[in-house]
Amino acid sequence: MEYSVHPSAIVDEGCKIGKGTKIWHFSHIMPNCEIGENCNIGQNVVVSPQVILGNNVKVQNNVSIYTGVICEDDVFLGPSMVFTNVINPRSAVNRRDQYLKTTVKRGASIGANATIVCGHDIGAFAFIGAGAVVTKNVPDYALVIGNPARQTGWMSEFGHKLKFDSEGIAVCPESNEKYQLKNNLVTKL
């Protein structure tokens, strides 16, 4: 086996798990999940059927990832954050055929205790603040906080808040990479 699973964790049949991935205490990886290489699945994590996680995805403790979620490469899911998959759940009403898809694009980070309401995509390198409740799509590089989440700025790929000059150019203080803000969208130059 090219990945490691703690003895208290459960990995159901039909899962594909990449080389170098670690699955920690009391986690449950349900049937037919795809987990990429070099992922870290923390303690007490539930990965529901058919979830797809790319390479190098970091899932912190107590996270629930429900059917309909796709996380691309290099995504960070903070402690106790949660996804939903039905917009109007009721205990007595079976809505398994109404799961809504949520995609978390490459490099995005979702903070501790955040909630992502299903059917809303998180853009590449977006940064969702701790405790935020996301109720709409989040653009690439956006910083969103609060309940409901609202955009308060833009983040670099290294996780620094970007400060744009009068020409719409910002430089990441760590990587020195340049970004452009144009038509309320950010791109890396």
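The values are calculated or read from the model by the stated rules, or taken from the named source; none is laboratory data. Small disclaimer: the values here were computed from a predicted structure and weren't measured. With ideal geometry, Cβ positions are generated from the backbone for all residues, glycine too; neighbour counts draw on all protein chains shown.
Per-residue answers, yes or no, for (1) of a type in the set (A, V, I, L, M); (2) part of a loop (DSSP other than H, G, I, E, B); (3) touching a strand residue (DSSP E or B) at 6+ places or on another chain (Cβ under 8 Å):
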residue	(1), (2), (3)
Asn61	no, yes, no
Thr67	no, yes, no
Asp73	no, yes, no
Val86	yes, yes, no
Ala112	yes, yes, no
Gly119	no, yes, yes
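So Val186 fits all but one of (1) closer than 23 Å to Gly54 by Cβ; (2) touching a Pro at 6+ places or on another chain (Cβ under 8 Å); (3) of a type outside the set (Phe, Trp, Tyr); (4) without any contact (Cβ under 8 Å) to a residue 40 or more places away in the chain; what number is the exception? Among (1) closer than 23 Å to Gly54 by Cβ; (2) touching a Pro at 6+ places or on another chain (Cβ under 8 Å); (3) of a type outside the set (Phe, Trp, Tyr); (4) without any contact (Cβ under 8 Å) to a residue 40 or more places away in the chain, Val186 violates only (4).
Residue count for the range 27-63 satisfying the condition of being crowded, with 21+ Cβ neighbours inside 10 Å and either modelled with pLDDT under 95 or more than 16 Å from the chain's Cα centre (by Cα) (or both): 2.
Taking the range 64-79, which residues are in contact with a Leu (Cβ under 7 Å, 6 or more places away or on another chain) and surrounded by fewer than 24 Cβ atoms within 10 Å (Cβ to Cβ)? Can you show your working first?
Let us first name the residues in the range 64-79 that are in contact with a Leu (Cβ under 7 Å, 6 or more places away or on another chain), namely 68, 71.
The answer is Gly68, and nothing else.
Say we look at the range 151-189 and pick out the residues that are of a type in the set (D, E, K, R) and loosely packed, with under 13 Cβ neighbours inside 10 Å; which of these is nearest to the chain's Cα centre (by Cα)? Across the range 151-189, the extreme among qualifying residues is Glu174. Condition check: over 27 Å from Trp154 (Cα atoms) and at pLDDT below 95. Does Ser91 satisfy that? Spelling it out, Ser91 is indeed over 27 Å from Trp154 (Cα atoms) and at pLDDT below 95. Residues considered: Asn176, Asn88, Asn147, Asn137. Of these, the only one that is polar (S, T, N, Q), without any contact (Cβ under 8 Å) to a residue 24 or more places away in the chain and closer than 18 Å to Thr67 by Cα is Asn88.
Phe125 satisfies every condition listed in (1) part of a loop (DSSP other than H, G, I, E, B); (2) of a type outside the set (S, T, N, Q); (3) surrounded by fewer than 21 Cβ atoms within 10 Å (Cβ to Cβ) except (3). Of all residues in the range 117-131, those satisfying the criterion of being free of Cβ contacts under 8 Å to residues at least 40 places away in the same chain and either more than 13 Å from the chain's Cα centre (by Cα) or farther than 20 Å from Leu162 by Cβ (or both) are Val117, Gly119, His120, Asp121, Gly131.
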